[in-house]
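A.B. asks: Below you will find the structure I want to go over with you.
What follows draws every value from the coordinates through simple rules; no lab data is involved. Keep in mind that what you see is a predicted model, and the values were worked out from it rather than measured. Cβ: placed from backbone, ideal geometry, glycine included. Neighbour counts: every protein chain shown.
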Amino acid sequence: HNNKGALCRLPTEISRNVKMATDLGELLVPYMPTIRVPRTGDRVFKSECAFSYDSPESEGGLYVCMNSFLGFGREHVERHYHKTGQSVYMHLKRHVKEVRRVTKLFSNLELNRDFNGVDYEYEDEAKLVIFPDHFEIPLPNIEELPALVTIACDAVLNASSPYKKQEADSWEEEIQVSRHARSLRQQDNGVRIPPSGWKCAKCEMRENLWLNLTDGSVLCGKWFFDGSGGNGHALEHYKETNFPLAVKLDTITPDGADIYSFDEEEAVLDPHISEHLLHFGIDMLQMQRTENGHHTDNHVQPRVSDWEVIQESSLKLKPVYGSGYTGIKNLGNSCYLSTTMQVLFSIPEFQRAYVGNLQRIFDYSPLDPTQDFSTQMAKLGHGLLSGQYSKPPMKSELIEQVMKEEYKQLQRGISPKMFKALVSKGHPEFSSNRQQDAHEFFLHLINLVERNSSGSENPSDVFRFLVEERVQCCQTQKVRYTQRVDYLMQLPVPLEAASNREELIAYESKRKEAEENMRPPPEPVRARIPFTACLQAFTEPENVPDFWSSALQAKSAGVKTSRFASFPEYMIVQIKKFTFGVDWVPKKLDVSVDVPDFLDLNRLRATGLQAGEAELPDITPPIVISEDTRGEKISPEIDESSVMQLAEMGFPLEACRKAVYYTGNMGAEMAFNWIIAHMEEPDFAEPLAIPTYLEPDLPGPSFPTSSVLDNQPPEESISILTSMGFPRHHTIQALKATVSVLLHLLHVQPNSNSDVFYFPRWLIYNDHKICLSERPPKDLGYMYFYRRLSSC
């Protein structure tokens with residue numbers, strides 16, 4: 001063996017089926033222009049195939065292209081050769097043997113197994129392979145190979161991992177300190193940020209909010225295709241003021257926060273972030289992030305048994321193997337990604353879209369498949385469903401591990417580093433190595449699926465449904481019905497409905513007494529909340545802040561209720577287990593919710609305008625238009641970011657401008673509803689004509705009403721939605737929505753071609769370990785996936 005990082009010398013004997021050239025230099029001459037030495041910035045993938053989870057430890061080893069430095073397993077290297085014509089590859093093979101010492105030959109090679117502290121010896125092979133004739137040149141051959149080839153081979157073998165983190169909290173790239181951080185001037189304007197109730201200063205957005213570190217403005221971020229995100233007001237504010245730095249409000253912990261520099265157009269570090277936040281009344285040292293990406297009080301002691309209950313650690317669980325039973329290695333606080341992807345690829349529509357189209361996706365993948373979303377989704381789906389990376393141990397291994405009581409160590413799982421690097425690229429939260437929220441990652445992934453499903457099947461349609469929102473003016477009792485698209489149902493947790501209320505009151509009394517007398521706190525008591533109470537809280541009217549009543553032509557008290565105008569094939573129910581304390585510290589609610597296996601949502605079906613209800617007038621708030629000193633009209637400001645978002649969806653630019661204007665700059669979602677209602681009008685795409693006052697006959701925003709619930713939806717309505725990319729059958733379902741709905745809680749189950757079918761047994765997916773669950777902690781979940789029953 002050679003020292004660490006050196007090329008390993010191999011015997012010169014070659015198997016009978018391998019051709020050997022006598023003059024290596026002459027053999028390589030035609031290929032010299034295609035052989036490159038990795039430069040600074042080049043990523044060398046010598047640990048993982050671009051199309052599979054094969055590695056140098058796999059049976060066929062790994063082939064690294066000596067031009068692009070992409071890695072390919074034995075089943076995929078021929079595809080790359082035929083697509084690119086690149087002939088020279090370095091073949092890496094690692095043989096692993098359990099011994100008492102470790103000798104590492106390939107430097108910076110990430111291992112694809114969980115060693116659990118066991119010592120291993122590696123016997124490494126490296127050689128150049130020339131396609132299509134498979135000439136093999138053992139390495140090293142310093143005396144016989146051209147100098148350039150020797151330098152290139154040495155550089156590949158000693159290259160750092162493409163995912164190597166320079167900082168603890170970065171994933172692909174090192175986040176730099178902003179040049180504005182040390183010289184940032186903060187305004188003494190008396191702004192103090194409250195612990196809750198945040199809202200964009202320019203619209204109604206209450207999510208994806210960013211705090212400008214110069215003046216304390218709270219504004220929304222970028223708008224995404226699925227309607228999440230925001231209206232881009234944070235960026236708009238920077239363009240108006242040149243105030244460069246902003247921090248995302250729900251990412252603040254004692255370790256830092258997600259900070260973005262509009263001027264530098266990237267995520268940055270701010271060494272003085274603690275001082276900058278304290279200027280606006282936020283003490284970041286008193287906050288920490290929970291397992292779901294929210295915050296909790298540093299002084300609260302978590303219950304030790306919670307983690308054990310969730311993992312069923314007190315039980316000896318039986319591991320399972322094969323198709324659908326492949327685990328995902330934890331990459332460091334990446335459980336939010338693992339759980340989301342395991343559930344998504346248990347759904348037939350996702351299996352069919354990516355794994356069912358595997359060969360087509362791979363054949364038409366770009367030259368760099370590591371940067372192609374469909375390729376990496378297909379790769380991940382195949383890795384989870386094929387069973388190729390979840391094989392039961394040999395009998396000898398099994399006996400040995402049982403004797404050592406290390407049964408669960410035999411499961412290795414897959415390591416989705418390439419997938420995480422791609423889907424988190426450019427995202428200030430998911431590109432970090434901190435804990436994140438599974439709900440936020442799910443919506444982020446659905447956004448990527450939407451954007452990459454143009455012209456093909458969109459599997460995320462199985463989650464899409466319409467919500468009917470009824471807003472009522474409390475003074476006039478008049479109402480307005482609107483609809484919006486959503487992907488999950490968020491249920492509040494009414495603590496006052498706890499079934500063990502007396503027990504909670506007694507605990508709180510004991511806790512305060514212990515605190516006053518400096519004694520250890522009592523054992524925490526978890527609130528038990530009936531699921532029916534959560535469902536009831538969902539239906540309760542919600543106050544609408546800053547409601548403008550078109551009936552009164554003024555602001556008034558308003559309430560909003562939500563119902564379902566259509567139902568998806570899979571309903572995701574999120575239990576909102578987080579709240580904010582008066583000290584600005586977000587807290588996780590320690591609750592148990594008795595979530596049922598079957599969920600009947602029929603009573604939450606939308607009704608549309610009811611007999612006896614009067615609609616609010618279909619007009620917008622008045623827009624005051626000033627005149628300059630010459631008496632000429634000055635056009636009112638139009639939110640150009642919303643205009644461009646709509647234009648990117650294919651609508652005429654002038655129509656988008658009118659939609660944003662007539663909805664009072666209330667954001668792209670409201671403007672989108674206006675477009676749907678007015679796109680058949682003859683002047684739909686004509687330029688916007690703005691008067692000096694709001695004429696009474698001007699078209700205001702109008703929205704779909706209960707007519708979409710008729711048994712026979714108009715063909716023109718169907719045509720409008722299908723022309724926008726919505727599948728026809730889903731459009732009809734959304735418009736009719738007359739089928740009775742009964743949902744069944746989805747048990748994660750194997751693919752239909754699995755040798756062993758455990759359903760309806762519950763399974764526990766704990767990172768790379770998959771086992772039969774004995775006591776599934778259904779009451780402690782955060783997100784629940786329900787499948788619509790076909791018989792309903």
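A.B. asks: Could the peptides 511-522, 324-335 be put in order, highest first, of the mean number of other beta-carbon atoms found within 10 Å of their residues?
C.D. replies: In descending order of packing, they fall as 324-335, 511-522.
A.B. asks: Could you sort the peptides 564-574, 132-142 by per-residue average Cβ neighbour count (10 Å cutoff), highest mean leading?
C.D. replies: Order by mean packing, descending: 564-574, 132-142.
A.B. asks: I would also like to ask the following. Considering the options 572, 507, 518, tell which one lies farthest towards the positive end of the dipole of the range 463-604, charges being +1 on Lys and Arg and -1 on Asp and Glu at the Cβ, about the Cα centre.
C.D. replies: Ranked along the dipole, the leading option is 572.
A.B. asks: Past the 31 Å Cα-Cα mark, which pairs from 329/576; 127/379; 46/316?
C.D. replies: 46/316
A.B. asks: Under a 5 Å amide H to amide H cut-off, with H placed in plane at 1.01 Å, what residues pair with residue 592 once short-range neighbours are removed?
C.D. replies: Placed amide hydrogens put 527, 528, 529 under 5 Å from residue 592.
A.B. asks: I've got another one for you. Sequence-distant or interchain residues sharing an amide H contact under 5 Å with residue 768, placed H: which?
C.D. replies: The list, which skips near neighbours in sequence, is 328, 330.
A.B. asks: Ok, one more. Relative to the present Cα-Cα distance, how much length would full extension add between residue 474 and residue 508 at 0.36 nm per residue of separation?
C.D. replies: 8.4 nm
A.B. asks: If packing is taken as the average count of other Cβ atoms within 10 Å, what order do 178-187, 423-432, 654-663 fall into, highest mean first?
C.D. replies: 654-663, 423-432, 178-187
A.B. asks: Related question: Just subtract the alpha-carbon distance of residue 560 and residue 598 from 0.36 nm times their residue separation and send over the number in nm, one decimal.
C.D. replies: So the chain would gain 10.9 nm between residue 560 and residue 598.
A.B. asks: Give me the dipole magnitude in Debye, nearest 20, for the range 463-604 about the Cα centre, with unit charges on the beta carbon: positive for Lys and Arg, negative for Asp and Glu.
C.D. replies: Result for the range 463-604 is approximately 480 debye, rounded to the nearest 20.
A.B. asks: Something else now. Given the Cα-Cα distance of residue 688 and residue 615 and 0.36 nm per residue of separation, how much length would full extension add, in nm?
C.D. replies: This chain segment gains 23.6 nm when fully extended.
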